[in-house]
Amino acid sequence: MSDRPTGGRSPRRRRLSRSAEFERVYRQGRSKANRFLVLYAFPREDDAPEAGQSSGPRLGLSVSRRVGGAVDRTRVKRLLREAFWMEADRLPAGADYVVVARPDARELAEREGMHGIRSALSELVDQLPRGKGGAS
């Protein structure tokens, strides 16, 4: 048995990993943006959780090389993941979200850390329409 809290089972899938999932959110979802981030939201049609999948929100991240080198990108991604899951209770569960980091996100992460990233993301979450998936 593993030391994982799930007892050795793989964790529920709470992230987007396939390019088709990202494309669907980009093309059909709604977006809100500020100087640091772009947040795309798209309600999932299949609300019934499949085996091993959560019906909660799922996150995809896009942090390009324009944000910085590998170390900078990894730090921005880590902060974005943490900030997103802190804001997740305010988001409709049955939706997919993609957060795109703009080049200024690195400066924000360096200057203000988690607090800055979370406030930038929170600003975008506040702008999402309330309703299924935030994409009404």
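Taken together, the values in this text are just the output of simple stated rules run on the coordinates, not laboratory data. Remember, it's a predicted structure, so these values are computed and weren't measured experimentally. We place every Cβ from the backbone using ideal geometry, glycine too, and count neighbours over all the protein chains shown.
Label-to-label distance for ARG130 and ALA33 is 2.8 nm, based on points extended 7 Å past Cα in the beta-carbon direction.
Is the shape of the range 59-136 rounded, prolate or oblate, going by the alpha carbon gyration tensor and its root eigenvalues a ≥ b ≥ c, with a/c under 1.5 for rounded and a/b larger than b/c for prolate?
Verdict is prolate for the range 59-136.
Residues of the range 59-74 with an amide N closer than 14 Å to a point placed 7 Å from the Cα of ARG14 along the Cα-to-Cβ direction: 59-60.
Which order do peptides 110-122, 13-25, 90-102 fall in by mean Cβ count within 10 Å, highest first? Can you show the working numbers first?
Numbers: 110-122: 16.3, 13-25: 14.3, 90-102: 20.7.
Result, highest mean first: 90-102, 110-122, 13-25.
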